1. Hey, what's the chain come to in accessible area per residue, 1.4 Å probe, Å²?
2. On the protein heavy atoms, probe 1.4 angstrom, tell me the percent of accessible surface of the chain carried by carbon and sulfur.
3. Enter the mean projected area of the convex hull around the alpha-carbon atoms of segment 8-47, in nm², rounded to one decimal.
4. Can you compute log10 of I(q)/I(0) for the chain with the Debye formula, treating each Cα as one identical point scatterer, at q = 0.12 Å⁻¹?
5. Starting from segment 9-73, pick out the trypsin sites (Lys or Arg not before Pro) whose DSSP state is loop and whose Cβ has at most 16 other Cβ atoms within 10 Å.
6. Set Lys and Arg Cβ to +1 and Asp and Glu Cβ to -1, take the dipole of the chain about its Cα centre, and tell me which of V81, G20, T52 lies farthest positive.
7. Using the Cα centre of the chain as the reference point, and only Cβ charges (+1 on K/R, -1 on D/E), how large is the resulting charge dipole? Debye, rounded to the nearest 20.
8. I'd like the distance between the alpha-carbon centres of segment 56-80 and segment 1-54, rounded to an integer number of Å.
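The values are calculated or read from the model by the stated rules, or taken from the named source; none is laboratory data. Quick caveat: nothing in here was measured; it's all calculated off a predicted structure. Glycine also receives a Cβ, built like all others from the backbone with ideal geometry; neighbour counts cover every protein chain displayed. Calculation scope for accessible area: heavy atoms of the full protein, side chains included, ligands and nucleic acids excluded. Shrake-Rupley method; radii C 1.70, N 1.55, O 1.52, S 1.80 Å.
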Amino acid sequence: MAAKLRKGDKVIVLAGRDKGKEGTIASVDPKAGKAVVDGVNMAIRHTRQTQTAQGGRLPKALPIDLSNLALLDSNGKATRVGFREEDGKKVRFAKTTGETV
C-alpha cells in the first residue's frame, strides 16, 4: 500500500497528549505504523557524559501512531490523503482542497 504520510510532511496531531500540535515528520516506520514528528511526543532521556558529548537530560521525540496524525493542507487545516494518476504517475492529493501534495 502506498504511504499516505511521508518524511518531510507537515502534520497535525489528532489525538493524545499533544492534540492540536503541528510539526514536520522526521522519520516513518511503516512496518510499526509509527512516525517521529519534530516537537511532538517529547520525552526526557538521560545520557551519560562522554569525552566528546555533554551528558544530562536531553529531550527526544518519541514515535507516534500514524492514525493520530493528519496532513495539513495549504489552508493549514487537517485533511485526508487520496491518490490519483496524473501524467501516468500516482500522486497524493489533499481531499479538502484537491491540490497535489
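1. 70
2. Values: 3460 of 7020 Å².
Ligands and nucleic acids excluded, carbon and sulfur reach 49 percent.
3. Numbers: hull surface 14.0 nm².
Mean projected area for segment 8-47: 3.5 nm², to one decimal.
4. Cα-only, vacuum Debye calculation for the chain: -0.47.
5. Working: sites: K10, R17, K19, K21, K31, K34, R45, R48, R57, K60; in loops: R17, K19, K21, K31, R48.
Loop-located and lightly packed - R17, K19, K21, K31, R48.
6. T52
7. 360
8. 7
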